Each structure stands twice: as structure tokens, then as C-alpha cells.
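Visitor: Quick one: structure below, then a few questions.
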Amino acid sequence: MARRAAIVAALMVVCVVTGAHAQDYPSRPITLVVPYSAGGGNDVMARIVAEKMSRTLGQQIVVENRAGAGGSNATRQVARSAPDGYTLVLGGTGTLGVNPTLYTNVGYDPRKDFAPVGLIGTSALIVLVHPALPARSIRELIAIAKREPGKLNYASAGVGSGIHLGTVLFEQMADIKLTHVPYRGSAPALTDLMGGHVAIYFSSLPPAIGLARDGRVRALAVTGTQRSDVFPDLPTVAEAGLPGYESVLHYGIAAPAGTPRPIVDKLNAAMRDALNAPDTKERMATDGTEPLPSTPDQYAADIDREETKWSAIVKKSGAKAE
């Protein structure tokens, strides 16, 4: 009985201390690591939400870009960071859904090594081609690829990124062969697409909108199940010649496993306030993103579903990264 009482007392002390830390949190700036280079769609969303959350929490959330290995290097670093709520990571389809299967030893478990804070949103990709490519529709693009297997190359934001696997899924379903040219993020990939060094890029929407409207790249379709409000006249890939195709990216924020739940809940509340703000919705809609406010538990379930879906595609493709 004495031992049990001591254990109960110790647990009560931990709860009191944890609660006190949560009340004081945050007392200094928070780092939100974006595991890709600046300028991509995930970076844009991270900055929109971080700005709003900073106001609610009373401390600045500093966005730090750390590109490399399809986002897995920075994601692993955050998984090993102190679970105190001061180092967070932008989670996504690539890092939490794809990389655990794609990489031989990714160094983290998406289900066990993170404390999910909440979803930010979902965004379809947009299929872009260089204007010199004689393809003005998905059907024409598929026809060219079938005539010359492997001749057309496509960019990605890194091996194992959601953009990469979205294109792999397109190849599989269209029964075509393209040549993959990986980049360290969306910005350099788009630069080389405009320069004609690559022919195709399945881009996230935010960095592609201005380029497509200015005619510097040609947009063929979006990869969601519905047309985008940003490009209402642009068909979905499924409408345009590949029935059943869908590839969307999910984004969220996660903390290292072991982060006290009161801190996670405080971050989640700030996230939900940010995502429900009318000006945030307007800014995200302009970038082609649909807000998806969620609880930490809902985001954990989403991570599980995404990893299950994309791991199967990785295995089928035979793709591997070291």
C-alpha cells in the first residue's frame, strides 16, 4: 500500500509539473521545421499558419527550411528533439506517408515517434508541362509518352516526396514510362521546368499559380477528385483521360513523441483558431488549399491512413532510396 501510494503521489507531482509547464508555455520562440526548400506549397502553408499561431500564442513561430533526402533528414532530427513543444515539424504525405517505406532506414516511425498536433489542409497537385511540349491535354501527354517510352522527363521535389509518388501513380495507371529527375525542393524544379531542362512537373498549387497564368508553364489538369477553385476551367486528371486517378497532399504539424498533451492541446487550439480565421481561409483558397482543422487524434488517424495508402504504391513501384 505504501509503495502504491508513493507511485500515485509521484504521478500527481508529474501531472502538476506538466500542467505548470503547459501554463507557462510558450515562454520563448518556437521553431517550425519545414523539411523542404523555401518557395514550395508546403512552405507557403506553414508560413500562413505560423504567422497566425504566433499571435495567439504570444511567441513567434520561426519557420526554418531544412531540405534534403525527400524531407526525411529534417523530420528525423525533429523526432529526436526535446519533447518540450519548442521544435515542431511540418508533416506531409511525403515524409510521413511515403518515406518510411521508400527509405531503407528512414530513422523514424510516423506512428510512434511523433505527437501529432493537427492537420493544416489538403491540396491537389497541378500537372505542368514546358510550353514547347506539344501536349495540351492529359490524353495528348499520355500519347506522347507511349510513343517514346522514357524520353519525357519529369521533375520532383525529391525522391519519395508526394509530388514524386503522385507522378509514379500516374505512370502506373497510364501504363507509360517517364524519366525521373529529382530536385531538392519545388523552387529549383520549377526553375528548370521553365528553362526547358525538364518537360513535366506535378507541382503543388501555390508556387505554380502565377507561372501558369503568365504562360511560363502550361497547366493540363489538377490531381484531386474535384476541380480547383483557383483554376475552375482546368479538368481533373480523371476527367481528362485517366479515370480513377487521384493524388492529393496532406499537411499537418507534429511534435516529438513525449511532448506533454497539455502543450499539444495548446498548439492545436492555436492551429484551429488560425485555420478558422476568415482571412486564413481566403489566403489558403487563393493558393488552392482546403483547410482541414482536426484534433491531434484525428491527425494521428490520418497519418496511419496516408502511410498505408502510399506505402503500397512505393512497394508496387519498386522505388527505393538510401
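Visitor: Determine the shape class of the stretch 17-125: with a ≥ b ≥ c the square roots of the Cα gyration tensor eigenvalues, call it rounded for a/c under 1.5, and otherwise prolate if a/b is greater than b/c, oblate otherwise.
Guide: In terms of gyration-tensor shape, oblate.
Visitor: Can you compute the radius of gyration and Dmax for the stretch 194-322, using only the Cα atoms, both in Å?
Guide: Over the stretch 194-322's Cα set, Rg and Dmax evaluate to 17.8, 50 Å.
Visitor: Kirkwood Rh over alpha-carbon pairs of the chain, then Stokes-Einstein at 4 °C and 1.567 mPa s: what D in µm² s⁻¹, rounded to an integer?
Guide: It comes out at roughly 64 µm²/s.
Visitor: Quick one: the Cα spread of the stretch 48-178 along its three principal axes, in angstroms, biggest first?
Guide: The Cα atoms of the stretch 48-178 stretch 56, 35, 20 Å along their principal axes.
Visitor: Which residues make up the longest stretch of the chain clear of trypsin sites (Lys or Arg not before Pro) that lie in a DSSP loop with no more than 14 other Cβ atoms within 10 Å, not counting the sites?
Guide: It runs 178-319.
Visitor: Placing +1 at every Lys and Arg Cβ and -1 at every Asp and Glu Cβ, with all other atoms neutral, what dipole size does the chain have around its Cα centre, in debye to the nearest 20?
Guide: Dipole magnitude for the chain comes out near 520 debye.
Visitor: Separate question: Cα atoms only, the stretch 88-141: Rg and Dmax in Å?
Guide: 17.1, 47
Visitor: With the cut-off at 27 Å, tell me which of the pairs Lys281/Lys315; Lys112/Lys316; Lys112/Lys320; Lys52/Lys320 have Cα atoms farther apart than that.
Guide: Violating the 27 Å limit, Cα to Cα: Lys281/Lys315; Lys52/Lys320.
Visitor: Give the long-range amide H neighbours of Gly121: residues separated by 5 or more places, or on another chain, with amide H under 5 Å away, using H modelled in the peptide plane at 1.01 Å from N.
Guide: Those qualifying (amide H under 5 Å, at least 5 residues apart or on another chain) are Tyr251, Leu292.
Visitor: Calculate the radius of gyration of the Cα atoms of the stretch 261-322 to one decimal place, then report Dmax, the largest Cα-Cα distance, as a whole number, both in Å.
Guide: Cα only, the stretch 261-322: 16.0, 43 Å (Rg, Dmax).
Visitor: Further, regarding this structure: Could you work out the relative contact order of the chain, using alpha carbon pairs under 8 angstrom and six or more residues apart, expressed as a whole percent?
Guide: 28
Visitor: Tabulate in residue order the Karplus-calculated ³J(HN,Hα) for the stretch 224-237, using 6.51 cos²θ - 1.76 cosθ + 1.60 with θ = phi - 60°, rounded to whole Hz; enter x for Gly and Pro.
Guide: These are the phi-based 3J(HN,Hα) values: x, 7, 10, 5, 7, 5, 6, 10, x, 8, 8, x, 7, 4 Hz.
Visitor: Averaging sequence separations of C-alpha pairs under 8 Å and six or more residues apart, then dividing by the length of the stretch 69-130, give the relative contact order as a whole percent.
Guide: 32
Visitor: Another question, then. From the helices alone, meaning DSSP H stretches of at least four residues, give me the mean residue ellipticity at 222 nm for the chain, per-run term -39500 (n - 2.57), in deg cm²/dmol to the nearest 500.
Guide: So the calculated ellipticity at 222 nm is -13500 deg cm²/dmol.
Visitor: Once the Cβ-Cβ distance between Ala82 and Ser311 is put in as r, and R0 is 22 Å, what FRET efficiency do you end up with, to the nearest 0.05?
Guide: With R0 = 22 Å, the Cβ-Cβ based efficiency is 0.15.
Visitor: A further question on this structure: Taking amide hydrogens as modeled 1.01 Å from N in the peptide plane, which residues meet the under 5 Å criterion relative to Ser156, leaving out close sequence neighbours?
Guide: Val181, Tyr183
Visitor: Kirkwood hydrodynamic radius (Cα pairs, Å) of the stretch 46-88?
Guide: Mean inverse Cα-Cα distance, inverted, gives 11.6 Å.
Visitor: Under a 10 Å cutoff between Cα atoms, tell me which one of Ala82, Ala221, Ala132 has the largest fluctuation in the Gaussian network model of the chain.
Guide: Sorting by GNM fluctuation, first place goes to Ala132.
Visitor: Here's another thing I want to ask about it. Using θ = phi - 60° and the Karplus curve 6.51 cos²θ - 1.76 cosθ + 1.60, what whole-Hz ³J(HN,Hα) does each residue of the stretch 164-181 get, with Gly and Pro shown as x?
Guide: 4, 6, x, 6, 4, 4, 4, 4, 4, 6, 8, 6, 10, 10, 10, 9, 8, 10
Visitor: Based on a Kirkwood Rh over C-alpha pairs, give the Stokes-Einstein translational diffusion coefficient of the stretch 120-222 at 37 °C and viscosity 0.692 mPa s in µm²/s.
Guide: Answer, rounded: 245 µm²/s.
Visitor: Between the stretch 156-224 and the stretch 250-322, what's the alpha-carbon centroid distance in Å?
Guide: The stretch 156-224 and the stretch 250-322 have Cα centres spaced 22 Å from each other.
Visitor: Apply the Karplus curve 6.51 cos²θ - 1.76 cosθ + 1.60, θ = phi - 60°, to the phi angles in the stretch 87-100 and return the couplings in whole Hz, x for Gly and Pro.
Guide: 10, 10, 9, 7, x, x, 4, x, 6, 9, x, 9, 4, x
Visitor: May I pose another question? Within the P(r) computed for the stretch 155-269, what percentage of the Cα pairs occupies the region above 17 Å?
Guide: It works out to 62 percent of all Cα pairs.
Visitor: Let me ask something else about it. With N denoting the number of residues in the stretch 123-177, provide Rg(C-alpha) divided by 2.2 N^0.38 Å, to two decimal places.
Guide: Dividing the Cα radius of gyration by 2.2 N^0.38 Å gives 1.11.
Visitor: Using a ≥ b ≥ c from the Cα gyration tensor of the stretch 196-245 (square roots of the eigenvalues), is it rounded, prolate or oblate, where a/c under 1.5 gives rounded and otherwise the larger of a/b and b/c decides, a/b for prolate?
Guide: oblate
Visitor: Whose amide H sits under 5 Å from the amide H of Asn65, counting only residues 5 or more places off or on another chain, with H placed in the peptide plane?
Guide: For Asn65, whose amide H was placed from the backbone, the distant partners under 5 Å are Val34.
No value in this document is a laboratory result; all are computed from the given coordinates. Source: prediction; values computed, not measured. In this analysis, Cβ positions are derived from the backbone assuming ideal geometry, glycine residues included, and neighbour counts consider all displayed protein chains.
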